[in-house]
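Q: This is the structure I have questions about; it appears just below.
All of the numbers you see were taken from the coordinates with simple rules; none came from a lab. This structure is a prediction, so every number in the text was calculated from the model and none was measured. Note that each Cβ is placed from the backbone with ideal geometry, even for glycine, and that neighbours are counted across all protein chains shown.
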Amino acid sequence: MKSGITGVVGIFVAVVAIGALAIFDHASGAEASIQDQAAVYNAVLASWQGKEQGHQLVDEHLSEAPSKADAEFEECAKGLDFPAGSDARKNKSLIGIPLQAKGIEIIDGSKWAPADLGAAIANGEAVETAVKEGFSHSLISLSQITFSNDGRDALVKFGMACGSLCGSGSTIHLHKRSTGWSIVDRCGAWMS
């Protein structure tokens, strides 16, 4: 009888410890579920692709997450509570994150080369066609995600490169609603 009670108490303690660890981890904003990470990336990619959702190259490598050291962080965070530092456990790659946007091709961005728009135009291709080809061969890069301490807001860096003087990007603020993650704001926008 005593060993049965000890076993039940041991299971109870283990369940409480696991629950406390999950609450602590979520409250720290340190590590969100793979589902939340995928939902954030999917929302960002869907906003870029729009309704067309044509072919899009996406770099598998993730850059460092937005942090308080970034100039645009305060603009994006707008008084929300985000963790002070980075978490070394964060994914460094999109491999294994289930992306649902159609037409997405994950590639090693270090091996990517832009389409040469100038050469296409010089060879008689219409400017509009060359630009469309350049965009269809552009490379999207994303960062690791910084989740707020309550897990309801996220910041992620987004960049699109289509050539040496062709690209844009920003830090994107998303908020988790009952319907899923949606973009609230874009900050620190750049364009070349």
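Q: Can you tell me the relative contact order of the stretch 31-191? Whole percent, Cα pairs under 8 Å, sequence separation 6 or more.
A: Relative contact order here is 28 percent.
Q: Still on this model: Let me know the number of lysine pairs in the stretch 31-191 closer than 25 Å at the Cα, not counting same-chain pairs under 8 apart.
A: 27
Q: Which one, I34, L139, C166, is farthest towards the positive end of the dipole of the stretch 31-191 when Lys and Arg carry +1 and Asp and Glu -1 on their Cβ?
A: Checking the options against the dipole of the stretch 31-191, the answer is I34.
Q: Go ahead and collect, in residue order, the members of the stretch 91-113 whose backbone nitrogen is under 15 Å from a label point 7 Å along the Cα-Cβ direction of E64.
A: 92
Q: Which length gain, in nm to one decimal place, applies between S168 and L80 when the Cα-Cα distance is subtracted from 0.36 nm times their residue separation?
A: Gain on stretching S168 to L80: 29.1 nm.
Q: Can you give the FRET efficiency for Q100 and R152, using 1/(1 + (r/R0)^6), R0 = 22 Å, r = Cβ-Cβ distance, to the nearest 0.05?
A: Efficiency, from the Cβ-Cβ distance: 0.55.
Q: Just to be sure I understand the model, the point goes 7 Å from the Cα along the line to the Cβ. What's the resulting S110 to E133 distance in nm?
A: 2.9 nm
Q: How big is the shadow of the Cα convex hull of the stretch 54-104, averaged over all directions, in nm²?
A: Average of the hull's projected areas for the stretch 54-104 equals 5.1 nm².
Q: Shifting gears a bit: Extension gain A71-K92, at 0.36 nm per residue separation less the Cα-Cα distance, in nm?
A: In short, 5.3 nm is gained.
Q: When 1/r is averaged over all different Cα pairs and the result inverted, which Kirkwood radius in Å belongs to the stretch 58-192?
A: 16.5 Å
Q: While we're on this one: I need the per residue convex hull volume for the stretch 122-181, using only the alpha carbons, in cubic angstrom as a whole number.
A: 99 Å³
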